[in-house]
Amino acid sequence: MSDSASGMFVLLLVVFFVCGLAAAHVAGQKNLSSGGYFLFAFFFGPFGLATALLAAPAKAPVAIPDGMRAVVCTRCNADQNIGINAPRYSCWRCKESVAVARTASST
């Protein structure tokens, strides 16, 4: 390889590495896999960085308080916590009264 070709290769490698670092940072801020986005952007360069920038943030896991269980409203898909043995709940968002299906853990 000539000097100019090897210089261009090194420059391209540095640009793709920087794209990987930037994508990892953006993914970490969005609660996504920073290692995965680093590798993706390292191999695909600016396209990988654009993917990280356009990706939707991941939903952060929320701890469920003791004595409660998580349910999703069947009408509006709102997440909420209700008592473990509650037979019904009223959705905080749409005010729909919903009967809860009994599960093995709630009997």
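The values are calculated or read from the model by the stated rules, or taken from the named source; none is laboratory data. Quantities reported herein were computed from a predicted structural model and do not represent experimental measurements. Here Cβ is always computed from backbone atoms with ideal geometry, including for glycine, and neighbour counts include all displayed protein chains.
Yes or no, residue by residue, for (1) under 18 Å from the mean Cα position of the chain (by Cα); (2) of a type outside the set (Val, Ile, Thr):
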{"residue": "Val15", "(1), (2)": "no, no"}
{"residue": "Gly28", "(1), (2)": "yes, yes"}
{"residue": "Leu39", "(1), (2)": "yes, yes"}
{"residue": "Phe43", "(1), (2)": "no, yes"}
{"residue": "Asp79", "(1), (2)": "yes, yes"}
{"residue": "Ile84", "(1), (2)": "no, no"}
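The residue that is modelled with the highest pLDDT, among those in the stretch 57-66 that are among the small types (Gly, Ala, Ser) and loosely packed, with under 10 Cβ neighbours inside 10 Å, is Ala63. Taking first residues from the stretch 45-68 that are at positive phi and partners that are surrounded by 10 or more Cβ atoms within 10 Å (Cβ to Cβ) and among the small types (Gly, Ala, Ser), the Cβ contacts under 8 Å between residues at least 6 apart in sequence or on separate chains come to Gly67/Gly83.
Here Ala24 fulfils each of the conditions (1) in a loop (DSSP other than H, G, I, E, B); (2) surrounded by 14 or more Cβ atoms within 10 Å (Cβ to Cβ) apart from (1).
When Leu32, Leu39 are checked against the criterion of being surrounded by 13 or more Cβ atoms within 10 Å (Cβ to Cβ), assigned to a loop (DSSP other than H, G, I, E, B) and not polar (S, T, N, Q), Leu32 stands alone in meeting it.
Would you be able to say whether some residue in the stretch 89-97 is of a type outside the set (Ser, Thr, Tyr) and touching a Leu at 6+ places or on another chain (Cβ under 6 Å)?
Looking for residues that are of a type outside the set (Ser, Thr, Tyr) and touching a Leu at 6+ places or on another chain (Cβ under 6 Å), one finds none in the stretch 89-97, hence no.
The residue pairs whose first member lies in the stretch 1-27 and is more than 15 Å from Ala50 (Cβ to Cβ) and free of Cβ contacts under 8 Å to residues at least 12 places away in the same chain, whose second member is in a helix (DSSP H, G or I) and charged (D, E, K, R), and whose beta carbons are closer than 9 Å, counting only pairs six or more residues apart or on different chains, do not exist in this structure.
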